[in-house]
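Here is the structure we will look at, set down as structure tokens.
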């Protein structure tokens, strides 16, 4: 196994994570919904303007909560991009839904809003959008179509914390949105997530579903004298130990974002000439979108060129990685009717996309090594 000098990702810590974890231990509240959880949730509500933010054990679990809240049932259809992580689809498939895969735009790699209307049928119950690399989908057009058909939008905003679409925070457009705090995300606690609730009528039931189907949250607020089983649910509450880690990251969000912006912009500037000569496509950021500098990717001319560049970087002990495989062509996707050619842009992009190392602790001299290795490569 190769020991990489420059990994694709390296967890970044601010210095206060252990201090806050110790504080949580000393305060004697290390299970969920403690002081650090409340701080994080309030901060997320401020950042995203969500009506309510609830920390969860993962973004996957936040998506599962969304499917429960929308009362997705067997036979329902949910429109979802094929170019996404499996959790985006699994959350709804677990409820018996039929995923309806939609292709992506070749520029932003987001759901192609021009294909959306034709995917809607009388059985459609939700539209799931994924803001790839934290670049906003075309939410004006998507919102108009959803409104016309009275369909809720769920935003998988795993990449998009701090991203904006026309000045408005990503995560604020759907009835529900989800966040990820996985180790690879800008802000992390190792494993964790959040459900953002923008429809006030869904808040109370979301609290119940998150607390194993009980009204435990109301009990702790003194609204009932005992709590009991009132609905379906599961254990989706994040430990306050992880919330303490997350709070240290949220406190340092401006520094983390400043570092990531410097790295992203250096890649984009220094690779522009090489990419133009080599026929390589760099990320497209529409002028009306503000990105959170989550991913820097290259679209190589071919699958063969991408694989050669991965090996070229590997020979210099630098790890670069590809990304999503088309879900409609996976074993499960085919069980839902997926076939080659259903999403041609997704199929093409998946073969050619390459992600470069990008983490807050990446040092300028390390990034320079990456840049020198890439610009020495001929596709």
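Laid out as a table, the results:
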{"read-out": "From the options 354, 358, residue that is crowded, with 21+ Cβ neighbours inside 10 Å, in contact with a helix residue (DSSP H, G or I) (Cβ under 9 Å, 6 or more places away or on another chain) and part of a loop (DSSP other than H, G, I, E, B)", "value": "358"}
{"read-out": "Selection status of residue 234, surrounded by 20 or more Cβ atoms within 10 Å (Cβ to Cβ) and either under 18 Å from residue 53 (Cα atoms) or touching a residue at least 24 places away in the same chain (Cβ under 8 Å) (or both)", "value": "no"}
{"read-out": "Residue identified as out of contact with any strand residue (DSSP E or B) (no Cβ under 8 Å at 6 or more places or on another chain) and buried (at least 21 other Cβ atoms within 10 Å of the Cβ) among 50, 3, 11, 24", "value": "24"}
{"read-out": "Failed condition for residue 172, given (1) out of contact with any strand residue (DSSP E or B) (no Cβ under 6 Å at 6 or more places or on another chain); (2) buried (at least 17 other Cβ atoms within 10 Å of the Cβ); (3) assigned to a helix (DSSP H, G or I)", "value": "(3)"}
{"read-out": "Selection count, the stretch 88-111, where residues are surrounded by fewer than 21 Cβ atoms within 10 Å (Cβ to Cβ), free of Cβ contacts under 8 Å to residues at least 60 places away in the same chain and touching a helix residue (DSSP H, G or I) at 6+ places or on another chain (Cβ under 6 Å)", "value": "2"}
{"read-out": "Selected residue (only one of 286, 326 is touching a residue at least 60 places away in the same chain (Cβ under 8 Å), under 30 Å from residue 48 (Cβ atoms), surrounded by 17 or more Cβ atoms within 10 Å (Cβ to Cβ) and not assigned by TED's automatic domain parsing to the domain that holds residue 157)", "value": "326"}
{"read-out": "Candidate set: the stretch 135-154, residues that are assigned to a loop (DSSP other than H, G, I, E, B) and free of Cβ contacts under 8 Å to residues at least 40 places away in the same chain; chosen: the one farthest from residue 173 (Cα to Cα)", "value": "149"}
{"read-out": "Residue match in the stretch 125-132 (condition: at pLDDT 95 or above, buried (at least 23 other Cβ atoms within 10 Å of the Cβ) and either outside the structural domain of residue 88 (by TED's automatic domain parsing) or over 17 Å from residue 99 (Cβ atoms) (or both))", "value": "yes"}
{"read-out": "Residue pairs meeting the criteria (Cβ under 8 Å; at least 6 apart or on separate chains; first at positive phi, in the stretch 31-43; second outside any helix (DSSP H, G or I))", "value": "33/237"}
{"read-out": "Residue in the stretch 62-80 that is surrounded by 15 or more Cβ atoms within 10 Å (Cβ to Cβ), within 20 Å of residue 238 (Cβ to Cβ), over 21 Å from the mean Cα position of the chain (by Cα) and in the same structural domain as residue 158 (by TED's automatic domain parsing) present", "value": "no"}
{"read-out": "Matching residues in the stretch 12-26 - criterion: being part of a loop (DSSP other than H, G, I, E, B) and either free of Cβ contacts under 8 Å to residues at least 40 places away in the same chain or on the phi > 0 side of the Ramachandran plot (or both)", "value": "15"}
{"read-out": "Qualifying residue in the stretch 112-134 (condition: touching a strand residue (DSSP E or B) at 6+ places or on another chain (Cβ under 7 Å), more than 24 Å from residue 325 (Cβ to Cβ), assigned to a helix (DSSP H, G or I) and free of Cβ contacts under 8 Å to residues at least 24 places away in the same chain)", "value": "no"}
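The values are calculated or read from the model by the stated rules, or taken from the named source; none is laboratory data. As the structure is a computational prediction, the values presented were derived from the model and not from experiment. Cβ coordinates were reconstructed from backbone atoms using ideal geometry, including for glycine residues, and neighbour counts include every protein chain displayed.
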